[in-house]
Structures are given as structure tokens and as C-alpha cells.
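A.B. asks: The structure is given below, and queries will be raised subsequently.
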Amino acid sequence: QVQLVESGGGLVQAGGSLRLSCAASGSIFRINAMGWYRQAPGKQREFAAAITKSGNTAYADSVKGRFTISRDNAKNTVYLQMNSLKPEDIAVYYCNADVSNYPYRYWGQGTQVTVSS
């Protein structure tokens, strides 16, 4: 089992910044990659960013150039630095951890990000 706990969400004005954190515990040796998805009200959950164990990153086009994903292996924590936030970034942000065998993906409980215009 892998447990994921997110923190760092909140309310920020448009153009502002927030940093999300996701701390992993449990069978962390099973984790291959971690990332962030988000779900806006009335919409499906969508990919935002990911980082592999070796540090390779990927971003959705909608956040590229504004968001940065990073990881601190010593703390088993992944971060999402979000800059130049827009109202369309409003969503619940979920951390995920991908493993090689069942259940293949674990999710955190989610953290709300709200951007005021």
C-alpha cells in the first residue's frame, strides 16, 4: 500500500502562486512515477504534470510554462509549484503515484485550489 497526503491548496488571486505538496508513505519502493491531476467543477479529472523516478517531467499544455513539478526523494515528497494562476486553474488537485503492479495507481485525497479574478 502507498499512502499519499496532499497539502498546500487554498485561495489566491489571479496571477498569484501556490505550491502543492504530496507526501508518500508506505511501500514507496514500488513507486515509479508521481504526478498531479486536477478536476474542475462539472468536468472530468485531467492530467496536469508528472515526474518519473529519474526526474523526467511531463506537463499538460494548459499548465506548461506556469507549473513546475519536482520531487525530494529524501522526503518522499513531490511538489507542484503553480505560478501565474488563472481562474481556469480552479480545481481539486489530486496527487497520484504509479506502481508496476495492482492497483497500478494510488490517489491522494485531493486539495482545493481556488483563484479569484
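A.B. asks: Accessible area per residue of the chain at 1.4 Å probe, in Å²?
C.D. replies: Roughly 52 Å² per residue, with all protein chains present.
A.B. asks: For every other residue with a beta carbon closer than 14 angstrom to the beta carbon of R30, add +1 if it is Lys or Arg and -1 if Asp or Glu, then tell me the sum.
C.D. replies: Here the count lands on +1.
A.B. asks: Then there's this: How many percent of the accessible area of the chain is carbon or sulfur, using a 1.4 Å probe?
C.D. replies: The nonpolar share, carbon plus sulfur, comes to 49 percent.
A.B. asks: Another question about this same structure. Could you tally up the Lys pairs in the chain with alpha carbons closer than 28 Å? Skip any pair fewer than 8 positions apart unless they're on separate chains.
C.D. replies: Lysine pairs meeting the criterion: 6.
A.B. asks: Another question about this same structure. Give me P(r) over the chain, computed from all C-alpha to C-alpha distances, binned every 10 Å, as integer percentages.
C.D. replies: Pair shares across the bins are 15, 50, 29, 6, 0.
A.B. asks: Moving to a separate point now. Could you grab the relative contact order for the chain? Cα pairs under 8 Å, six or more apart, rounded to a whole percent.
C.D. replies: 36 percent
A.B. asks: Packing-wise, with mean Cβ within 10 Å as the measure, how do 102-109, 39-46, 19-26 rank, highest first?
C.D. replies: 19-26, 102-109, 39-46
The values are calculated or read from the model by the stated rules, or taken from the named source; none is laboratory data. This structure is a prediction, so every number in the text was calculated from the model and none was measured. Note that we place each Cβ from the backbone using ideal geometry, even for glycine, and neighbour counts take in every protein chain shown. What goes into the accessible areas is simple: the full protein's heavy atoms, side chains included, and nothing from ligands, DNA or RNA. Shrake-Rupley method; radii C 1.70, N 1.55, O 1.52, S 1.80 Å.
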